[in-house]
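Heads up, the thing below is written out as structure tokens.
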Amino acid sequence: MDDGASIGSALRTRREERGLSLEQAAFQSRVPLRLVQILESDDYRLVPDAFYMIRVLHDYARFLGLDPGGAEQAFRAAIQRHAKPVLVPGPPPPAM
């Protein structure tokens, strides 16, 4: 996963190399189809909980024969790039 490809494309490529459809991979890995789709699409707006997804990612990467630790590093970096900015309230307006 250090060849510049996104984590999602690396997962998808490996799944396709094994000749599996999304549904087959989800069934055989016991990872819910919706979560496989989220991981392979790199659409991190849909991630319900990053810590839970890391566990799911480990299971799915292991199923595909990929290094779970490397997948986690790539996932964490991608999550950081897609993190929503935190809005900090400014000072209250001056009283009239």
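Overview of values
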| read-out | value |
| --- | --- |
| Count of residues meeting criterion [acidic (Asp, Glu) and at pLDDT 95 or above] in the range 48-66 | 1 |
| Extreme residue, least open to solvent (accessible area, probe 1.4 Å), among residues of the range 1-60 that are of a type in the set (S, T, N, Q) and free of Cβ contacts under 8 Å to residues at least 24 places away in the same chain | SER21 |
| Selection within the range 30-44 - outside any loop (DSSP other than H, G, I, E, B) and under 17 Å from GLU72 (Cα atoms) | LEU35, VAL36, GLN37, ILE38, LEU39, GLU40, SER41, TYR44 |
| Unique match (being part of a loop (DSSP other than H, G, I, E, B) and modelled with pLDDT under 75) among PRO89, PRO94 | PRO89 |
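The values are calculated or read from the model by the stated rules, or taken from the named source; none is laboratory data. This is a predicted model, so every value here is computed, not measured. Backbone-built Cβ (ideal geometry, glycine too); neighbour counts: all protein chains shown. All accessible areas refer to the heavy atoms of the entire protein, side chains included, with ligands and DNA or RNA removed. Shrake-Rupley method; radii C 1.70, N 1.55, O 1.52, S 1.80 Å.
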